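The values are calculated or read from the model by the stated rules, or taken from the named source; none is laboratory data. Bear in mind that the values here come from a model prediction, so they are computed numbers and not experimental data. Cβ coordinates were reconstructed from backbone atoms using ideal geometry, including for glycine residues, and neighbour counts include every protein chain displayed.
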Amino acid sequence: MKWTCILSTAAILFAGTAVAQEGKGAATGMVGGAATGAIVGGPVGAGIGAVVGGVAGGAIDPPPREVVTYVEEAPMPAQPIVVEQEIVVGKPVPETVVLTPVPQNPDYAYTVVNERRIIVEPKSRTVVQVLD
């Protein structure tokens, strides 16, 4: 029982560090992960769920306002890109979709798919925000 408490405490402390680094999405993910983990695995599950939720939640933090403004003001492409797959935050865009880097912030790229502006994390091609 002592080890269970020690492991849970260590996991929650580690997750708290992730929150400080990742932002609001990580905090939300941490809380949800901890709750789900506690239901499934008790105290140890709560600690592990908090860590996993914090990492997953941090991955979908919205981009900075200047990135959103840049993408909103970018001209529409001459050739529209149409894909049958639904474009959803947290999922990658297809490899066939060309991404355009955001010059002032290389952590983001964008594209226009199905007449919607999409902000993407370029390394993983994960959708960060869909602008309507």
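Residues that are in a strand (DSSP E or B) and not hydroxyl-bearing (Ser, Thr, Tyr) within segment 110-128 comprise VAL112, VAL113, ARG116, ARG117, ILE118, ILE119, VAL120, GLU121, VAL127, VAL128, listed in sequence order.
Is it the case that some residue within segment 75-96 is part of a strand (DSSP E or B), at pLDDT 95 or above and surrounded by fewer than 16 Cβ atoms within 10 Å (Cβ to Cβ)? Full working, then the answer.
Pass one, segment 75-96, residues part of a strand (DSSP E or B): 81, 92.
If we keep only those that are at pLDDT 95 or above too, we end up with 92.
Still in the list and also surrounded by fewer than 16 Cβ atoms within 10 Å (Cβ to Cβ): 92.
Within segment 75-96, one or more residues are part of a strand (DSSP E or B), at pLDDT 95 or above and surrounded by fewer than 16 Cβ atoms within 10 Å (Cβ to Cβ).
On the basis of being of a type in the set (S, T, N, Q) and either more than 19 Å from the chain's Cα centre (by Cα) or more than 20 Å from PRO63 (Cα to Cα) (or both), does ASN105 make the cut? Please lay out each step first, then the result.
Working: of a type in the set (S, T, N, Q): yes; either more than 19 Å from the chain's Cα centre (by Cα) or more than 20 Å from PRO63 (Cα to Cα) (or both): no.
So ASN105 does not fit the description; no.
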